[in-house]
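Below is one structure, written out as structure tokens; the observations come after it.
The values are calculated or read from the model by the stated rules, or taken from the named source; none is laboratory data. Note that this is a predicted model, so its numbers are computed, not measured. Positions of Cβ are generated from backbone atoms using ideal geometry, with glycine treated the same way; all protein chains shown enter the neighbour counts.
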Amino acid sequence: MSELLKVNVNDHTEKKGNLTYLSWAWAWAEVLKIDPAARYTVHEFDGLPLVYLKDTTGMVKVSVEIKGDIKTCLLPVLDHRNKPIQNPDSFAVNTSIMRCLAKCIALHGLGLYIYAGEDLPEAEREELDAGIAAKLAACNTVDDLTALFKSLPESVRTSAVQKFAERKKELSK
């Protein structure tokens, strides 16, 4: 959905540790603005909203249909440190379902840039984040910031949009 790709979600995210989350409720409201008939499905496995794996952790599965286009996403049931939970309780399962909903909406375009680089190993992602942070700190003007942004590869730009926006606010004061 190209309409969703155009929506800036930066004011509706929150940080938990080194991860950025988009509120599922806000994301769903944005979806309904472009398709009031949109719907999502929480898939069940033998009557349960998750499938258990051999190690007793679980995965949830959500599909989102927007204007007839269906995207499906899987997500492990994770704790607050983003680690899989063995024998998850109902709260952890529900939290993962709603995270999966937000991620599935991102597959349609809304906030997709939040997930850029998530498939990098954590050490590599931290190294990349530290390098960007140092370059941002070295920018003394909005023009410097703009030049830096334009010089970065697209994948780095999309994953660092929020950091650039924060730095721009600092420089504009």
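Data table
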read-out: Residue list for the range 67-84, restricted to those being over 18 Å from Ser23 (Cβ atoms) and either surrounded by 18 or more Cβ atoms within 10 Å (Cβ to Cβ) or touching a Cys at 6+ places or on another chain (Cβ under 6 Å) (or both); value: Lys71, Pro76, Val77
read-out: Hits in the range 103-134 - residues which are at pLDDT below 70 and part of a loop (DSSP other than H, G, I, E, B); value: Ala116, Gly117, Glu118, Asp119, Leu120, Pro121
read-out: Filter pass, Thr146 being out of contact with any His (no Cβ under 6 Å at 6 or more places or on another chain) and either exposed (fewer than 11 other Cβ atoms within 10 Å of the Cβ) or modelled with pLDDT of 95 or more (or both); value: no
read-out: Residue in the range 35-44 that is in contact with an Asp or Glu (Cβ under 9 Å, 6 or more places away or on another chain) and closer than 21 Å to Gln162 by Cα present; value: no
read-out: Filtered residue count, the range 64-102, keeping only those that are in a strand (DSSP E or B), in contact (Cβ under 8 Å) with a residue 12 or more places away in the chain and over 16 Å from the mean Cα position of the chain (by Cα); value: 4
read-out: In the range 23-46, the residues that are part of a helix (DSSP H, G or I), aromatic (Phe, Trp, Tyr) and free of Cβ contacts under 8 Å to residues at least 40 places away in the same chain; value: Trp26
read-out: Residue match in the range 47-57 (condition: modelled with pLDDT of 95 or more, surrounded by 11 or more Cβ atoms within 10 Å (Cβ to Cβ) and charged (D, E, K, R)); value: no
read-out: Candidates Ser90, Ser96 - the one that is modelled with pLDDT of 95 or more and within 18 Å of Glu14 (Cα to Cα); value: Ser96
